[in-house]
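Participant: Before I ask anything, let me first share the structure, which is written out below as structure tokens.
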Amino acid sequence: MDQPAPTYSDRLRKIAAMAAQSELRHRAMGELIDELEAKGLTMTEFREMNERAGRFIGHVSAVNAAQAIAYDDMLAAGGPENSRAYVEYEATSRRNAALLPQEI
């Protein structure tokens, strides 16, 4: 039996899930750094870079999840053929894009 092609919101959810998993890996990396520092190793720069990357990935996850919801809402309201729903979706997309961090 054929499966339906993934929708745009399905792809956004997949990106959100992958980003959330990556954020967890960054947290685990932070715990490893704590252990190394407890043994006398100083890794301040590495820690700061890891924390910035983890926050960045967390933002990517949240924004993609919000974008998937906005897309589903637009489709539920009639899709791109419903001009009001599409305009609202575009506005939400711009707001979501503005939430993405510009630098890691």
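Values quoted throughout were computed directly from the atomic coordinates according to the rules given, and no laboratory measurement underlies them. Just so it is clear, the structure is predicted and the values come from calculations on it, not from any experiment. So basically every Cβ, Gly included, is an ideal-geometry build from the backbone, and we count neighbours across all protein chains shown.
Participant: Could you sort the peptides 29-35, 3-9 by per-residue average Cβ neighbour count (10 Å cutoff), highest mean leading? Before the final figure, lay out each step's value.
Facilitator: Numbers: 29-35: 12.9, 3-9: 10.4.
In descending order of packing, they fall as 29-35, 3-9.
Participant: Do the sum for the chain: with -39,500 (n - 2.57) for every DSSP H run of n ≥ 4, divided by all residues, what is the mean residue ellipticity at 222 nm, to the nearest 500 deg cm²/dmol?
Facilitator: Details: 3 runs with 81 residues, N = 104.
Taking each H run of at least 4 residues, the total per residue is -28000 deg cm²/dmol.
Participant: Whole Å is fine, so just give me how far the alpha carbon centre of the stretch 46-103 lies from that of the stretch 1-22.
Facilitator: Result: 14 Å between the Cα centres.
Participant: Pairs of alpha-carbon atoms within less than 8 angstrom and 6+ residues apart define the contacts here; what relative contact order does the chain have, in percent?
Facilitator: Working: 82 pairs, mean separation 34.7, N = 104.
It comes to 33 percent, rounded to a whole number.
Participant: Hey, rough spin-label estimate for Gln21 and Val87, points 7 angstrom out along Cα→Cβ, what's it come to in nanometres?
Facilitator: So the label points at Gln21 and Val87 sit 4.1 nm apart.
Participant: Go through [x] 62, 38, 13; [y] 39, 33, 22; [z] 63, 44, 20 and flag the label whose value is the computed Cα extents along the principal axes in Å for this structure.
Facilitator: Read-out from the structure maps to [x].
Participant: What ranking do 86-93, 51-58 get when scored by the average of other Cβ atoms within 10 Å per residue, highest first? Don't skip to the end; give the middle numbers.
Facilitator: On the way: 86-93: 14.8, 51-58: 17.1.
Per-residue mean Cβ counts within 10 Å order the peptides as 51-58, 86-93.
Participant: In debye, nearest 20, what is the charge dipole magnitude of the chain about its Cα centre with +1 on Lys and Arg Cβ and -1 on Asp and Glu Cβ, if you could check? List each step's numbers first, then the result.
Facilitator: Numbers: 12 positive and 16 negative charges, 16 e Å.
About 80 debye.
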